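J.: Got a structure for you, questions after.
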């Protein structure tokens, strides 16, 4: 790990903040500049940062993280229904509930490591998903999903005289509606805050402990540290991040369904983190962005669009390329995702960020004396 | 009593499918030390082999008979499946028994897929972490799913059982009960088939020299290697066998649940739980746990139990897995010292 000063960190943070806040500008040429998608980038970025605090730092691979996302969503929608359409109580409630939930699950799951931990978390997530669909219908509204309605209590709103006449009000932050660009900037600011916290954790002694758990848990125990509380804290923090992301999903689109908790959704955040680069700070956000971009943009491609792209080629070649690429776009974008993901795991175990670093070192090596190769963490 | 028997059969039937998938998973883990998340996809591939065989057998010639008219006044089309045209009545029998027939196709095909997968991908992951193995095979599972979806579409494709086995058997009469307990023939066939397959695999490992060497390799790979045996090649074949078993289990399952592209993922999670409950690397444990969990699941989904503990039917398998992992992490029949923490 390279040493960084506080000043470098703040510079890093400032660059990150600028990059995030100017997303509507630089994503415009890529065709991704519409609020719904931008919100998703920010929200799943938060989710992936949180997941990375657990997986990237401690090496515990949770396959049930979507459960916390789902719980956060339900809690947020309930806060909208019971208290206020302002997002602040909703976010707080979601983070508290997700934190408690992850504390309970983490307490049990962290008794085992490795693949057993993965299966335990998977089992708990599947249980939550199945229960949300069946017995817990009074709380989760089953298959329909939890929705707002005009008859909701909204105690705080009513006491302060903010009344909903004419339709269900939209979640807002003291007047700033959560739809459109307003929602995006709200999520973006939270993303930056979350990134800052993750950065501080990464640089702190606590972060060092988490890395120690990953590299060799036994050795850490021999030196007199109890590893469980550290892993537990990481698990809860990452659960709260997931809860926050879930609450933001509910805030930008006030509906919570059980499918958010399914294990394929947990798999998705794993994909994001690995694709971007587990253990790096920016990697998970990049991974989340790439996957959401592909999901929304790539899946909208069709044959006509492809013809337009390859139109610079002679006719025969154009048709050939269109036929070859059609199965990979539109409906088949999952195929592209699967292949890209396999390639990354096989050839770039450090994710896209490792690719960036390799390219950078390729260039810097020519100019200066090669630095000592960075040691890969012992697994 | 009737409901009890039906639930027992249901559970054993479902358990059969779990057992056959889990058996392959645990074999692969025990021999190669690889956690294969694509194993469910192999089950799904097998199911689609049955669909493909069915489709090929159904290829037909269409001739227009101008003398006969349809009720709408247009000349009638006469469709004859090619097999029937070539082989006569025997062709019809072939068409009828397309599912059992597809096993003959599924075994070599799945064996080839398994070997290709092992040589092409899995062998590069022996020394990587379990997490990376899970991730790469998860990616492979997505790819296989999507390929199947591109060819066969996203809708479930039903494949019918042979007509002779399409009805229900009066199980009650066999057991000497007064009231009739009826149970679909094909499910009984599947149950017998899964017991037979599991028995065959265990017998193969237990009573043949080849199987003995594999078991020795599972215990101590290095020593077997020192004895001059190419254990790697045998493990690769074991992977192929595991793939073939998952494949035929999938092919035979199509009359029960229509083939769809994500059925592998649906079974994967549960079979993993079964493997863990049985003990990682233990074949007999996986089979036992498969049947046990299947039966347990179908018993708790009886109304009497559900009224007592609402929602228990949804979580029982996972609950059992959690308890087993916490109390006895090596599972029911896992070897002492293997994956105990």
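What follows draws every value from the coordinates through simple rules; no lab data is involved. Quick caveat, the model's predicted, so the values are computed rather than measured. Here the Cβ positions follow ideal geometry from the backbone for every residue, glycine too, while neighbour counts run over all protein chains shown.
J.: For region B:143-173, list residues with backbone N below 11 Å from a point placed 7 Å from the Cα of residue B:58 toward its Cβ?
T.: Label zone hits: B:157-160.
J.: Okay, moving on. Please build a GNM for chain A, connecting alpha carbons under 10 Å apart, and tell me which residue among A:171, A:229, A:29 fluctuates the most.
T.: A:29
J.: What is the average number of partner chain Cβ atoms found within 10 Å of a Cβ in A:324-332?
T.: 2
J.: Can you sort B:194, A:134, A:364, A:149 by how many other beta carbons sit within 10 Å, fewest first?
T.: Going from sparsest to densest Cβ surroundings: A:149, A:364, A:134, B:194.
J.: Label 7 Å along Cα→Cβ of residue A:193; region A:235-266 residues with amide nitrogen under 20 Å?
T.: In region A:235-266, the label zone of residue A:193 (backbone N under 20 Å from the point 7 Å along Cα→Cβ) covers A:236-254.
J.: Can you work out the FRET efficiency for the pair residue B:123 and residue A:159, with r the C-beta to C-beta distance and R0 = 51 Å, to the nearest 0.05?
T.: Given R0 = 51 Å and the Cβ-Cβ separation, E is 0.15.
J.: Just to be sure I understand the model, the point goes 7 Å from the Cα along the line to the Cβ. What's the resulting residue A:320 to residue A:22 distance in nm?
T.: Result: 4.1 nm between the two label points.
J.: Going by Cα centres, region A:52-121 and region A:292-310 are how many Å apart?
T.: Comparing the Cα centres of region A:52-121 and region A:292-310, I get a distance of 34 Å.
J.: How far, in nm, would the chain grow between residue B:216 and residue B:256 when pulled straight, counting 0.36 nm per residue and subtracting the alpha carbon separation?
T.: Fully extending the segment from residue B:216 to residue B:256 adds 10.6 nm.
J.: Quick check on chain A: helices-only [θ] at 222 nm, where DSSP H runs of length 4 and up contribute -39,500 (n - 2.57) each and the sum goes over total residues. Nearest 500, please.
T.: -21500 deg cm²/dmol
J.: For A:204, B:282, which order do you get if you count the other beta carbons within 10 Å of each Cβ and list the fewest first?
T.: The most exposed by this proxy come first: A:204, B:282.
J.: Let me ask something additional. With springs only between Cα atoms under 10 Å apart, run a GNM on chain A and tell me which of A:170, A:347, A:124 wobbles the most.
T.: A:347
J.: How far is helix B:130-152 tilted, in degrees, relative to the longest principal axis of the Cα atoms in chain B, given as a value from 0 to 90 rounded to the nearest 10?
T.: 0
J.: By how many nm would the segment from residue B:160 to residue B:65 lengthen if fully extended, with 0.36 nm per residue of separation less the alpha-carbon distance? Walk me through the numbers on the way to the answer.
T.: On the way: separation 95, 0.36 × 95 = 34.20 nm, distance 2.93 nm.
Gain on stretching residue B:160 to residue B:65: 31.3 nm.
J.: Could you work out, residue by residue across A:340-351, how many beta carbons of other chains sit within 10 Å of that residue's beta carbon, and then give the average as an integer?
T.: The mean count of partner-chain Cβ atoms within 10 Å per residue comes to 4.
J.: Let me ask something else about it. For chain B, what does -39500 (n - 2.57) per DSSP helix run (n ≥ 4), summed and divided by total residues, give at 222 nm, in deg cm²/dmol to the nearest 500?
T.: Calculated mean residue ellipticity at 222 nm is -22500 deg cm²/dmol.
J.: Over the alpha-carbon set of the protein assembly as shown, work out the extent along each principal axis and list the three values in angstrom, largest first.
T.: Dimensions of the protein assembly as shown along the principal axes of its Cα atoms: 83, 77, 69 Å.
J.: Given that compact globular proteins tend to follow 2.2 N^0.38 Å, what is the ratio of the alpha-carbon Rg of region B:1-141 to that value?
T.: Working: Rg = 22.5 Å, N = 141, 2.2 N^0.38 = 14.4 Å.
Cα-based Rg divided by the globular estimate yields 1.56.
J.: Something else now. Mind listing P(r) for region B:118-175? All alpha-carbon pairs, 10 Å bins, whole percents.
T.: Binned Cα distances yield the sequence 17, 25, 18, 18, 18, 4.
J.: Along the three principal axes, how long is region B:2-327 when you take its alpha carbons, biggest first, rounded to the nearest angstrom?
T.: Projected onto its principal axes, the Cα set of region B:2-327 covers 77, 51, 36 Å.
J.: Measuring from a point 7 Å past the Cα of residue A:311 along Cα-to-C-beta, which residues in region A:11-30 have an amide N at less than 16 Å?
T.: Inside the label zone: nothing.
J.: Over the whole of B:142-150, what's the average partner chain Cβ count within 10 Å per residue? Rounded to a whole number, please.
T.: 5
J.: Fewest first, what order do A:354, B:304, B:60, A:295 take by the number of other Cβ atoms within 10 Å?
T.: Lowest to highest Cβ neighbour count: B:304, B:60, A:295, A:354.
J.: Which one, B:67, B:307, B:220, has the greatest fluctuation when you compute a Gaussian network model over chain B with C-alpha springs under 10 angstrom?
T.: With Cα springs under 10 Å in chain B, the top fluctuation among B:67, B:307, B:220 is at B:67.
J.: For region B:50-114, take every pair of Cα atoms, bin their distances at 10 Å starting from 0, and report each bin as a whole percent.
T.: Distribution as computed: 21, 34, 26, 13, 6, 1 percent.
J.: Further, regarding this structure: Binned at 10 Å from 0, what are the whole-percent values of the Cα-Cα distance distribution for region A:6-261, short to long?
T.: 7, 28, 31, 23, 9, 1, 0
J.: Given a Förster distance of 51 angstrom, what is the FRET efficiency for residue A:219 paired with residue B:319, based on the Cβ-Cβ distance and rounded to 0.05?
T.: 0.90
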